[in-house]
1. Tell me the label only: which of (i) 17, 21, 17, 12, 11, 10, 8, 5, 0; (ii) 27, 44, 24, 5, 0; (iii) 31, 60, 9, 0 is P(r) over Cα pairs in 20 Å bins from 0, in percent as calculated from this structure?
2. What nm distance separates the two modelled labels at Phe57 and Val236, each placed 7 Å from Cα along Cα→Cβ?
3. Only four residue types carry charge here, +1 at the Cβ of Lys and Arg and -1 at the Cβ of Asp and Glu. Report the dipole size of the chain about the Cα centre in Debye, rounded to the nearest 20.
4. Whenever you get a sec, compute what percent of the accessible area on the chain sits on carbon and sulfur atoms (1.4 Å probe).
5. Need one number: nm distance between label points at Ala180 and Tyr344, each 7 Å from Cα along Cα→Cβ, rounded to one decimal.
6. At a 1.4 Å probe radius, which order do Ser267, Ser221 fall into by accessible area, largest first?
7. Ignoring everything except DSSP H segments at least 4 long, calculate the 222 nm mean residue ellipticity for the chain; use -39,500 (n - 2.57) per segment, divide by total residues, nearest 500.
8. With a probe of 1.4 Å, find how much accessible area the chain has per residue, and write the answer as a whole number in Å².
Amino acid sequence: MDAFSLRTQWTLLLLISVLLGAVLHYFHVPAALLLGPMIVGVVMGLSGATLRIDKRFFLLAQAVLGCMIAQSLSPSILTPLIQEWPIVLAVLLLTLAASGLSGFLLVRFSHLPGPTGAWGSSPGGASAMVAMAGDFGADVRLVAFMQYLRVLFVASAAALVARIGLGDEAHSVSLLWFPALSYGFAMTLVVVLAGAWLGTRLRIPSGALLLPALAGAVLNSSEIAVLQVPEWLLAVAYALIGWSVGLRFTRPIFLLALRTLPQMLASIFGLMLLCGGLAWILTRMLDIDLMTAYLATSPGGLDTVAIIAAGTQVNMAFVMAMQTLRLFTILLTGPALARFISRYARTGTE
């Protein structure tokens, strides 16, 4: 693949992504416009493709996603979280314990350094984990591989669960791809640009997604402006996020990770199963459906979970509230957890 020019690689990436995304969309696969580009990106990345998505476009795509999330947010989402705070707190603590156990076992039974295993196993926003990992002595390349490998599996599993559980209802809404643009679209562009810039400037974890989501929710609820996020803009954002994840799977990083790949996969699947168990517990304690609970506890990236939630008829507000709370919980506890794993996971094995 590296023998092809960048223009040829871009052409192949675009054409095959559109084709695969259209096929998945035809068969009502949730997040088809994310999964198609992501799969194509993985294949091309492992085949030696040299093209990359500029980080600025990735941030803008996250900001667009934030504006889409804003349409489902309102102050009322805080009510169930406050009323059921013991359950919410318990789920957060159990998720933290599950990620800690996953990282501990991964380091104990592999050759990964402690910080690398800890940050690679943390189920927060993948980009935020990668950004922080280098400051704590972790191998950023392996952390990125582990994080985005989990994102790939979680996104695929969530889409499969939604497709099996909901059938054609998983993506039954008729989409209007090119609506007439209004004042709300202009406001959306302002929020996207400002949110992406401020999120980076203020160094807020996943700020490019969270700030537009909060700003958009305030604008919508105050009726100052109702953001308009047309489907064609979302499709572009989904593709950019899918390519950004997929193209990270390069051949050199894969070969570097190959030695510990079985342990990585065991860690990922184990964490997915544990979080799936937490989802089942949530459905028994709260008045929510299984798909909402599964996405709320799913250990994938905040952006990819949001895309899958948008493609299914679930409680988006609850999903995003739980995911955001977990992200900040892990950001606060991650450094201490990494130090603990680094110190104790190797005890008795060296």
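1. (iii)
2. 1.1 nm
3. On the way: 18 positive and 13 negative charges, 220 e Å.
Roughly 1060 debye for the chain.
4. Values: 11080 of 15940 Å².
Whole-percent figure for carbon plus sulfur exposure: 69.
5. 6.4 nm
6. Working: Ser267 20, Ser221 70 Å².
Ranking Ser267, Ser221 by accessible area, largest first, yields Ser221, Ser267.
7. Working: 16 runs with 254 residues, N = 350.
Computed ellipticity for the chain at 222 nm equals -24000 deg cm²/dmol.
8. Details: 15940 Å² over 350 residues.
Counting only protein heavy atoms, the per-residue value for the chain is 46 Å².
The values are calculated or read from the model by the stated rules, or taken from the named source; none is laboratory data. Treat the numbers as computed from the prediction; the structure is a model and nothing was measured. In this analysis, Cβ positions are derived from the backbone assuming ideal geometry, glycine residues included, and neighbour counts consider all displayed protein chains. Keep in mind that these areas ignore ligands, DNA and RNA; they rest on the heavy atoms of the full protein, side chains included. Shrake-Rupley method; radii C 1.70, N 1.55, O 1.52, S 1.80 Å.
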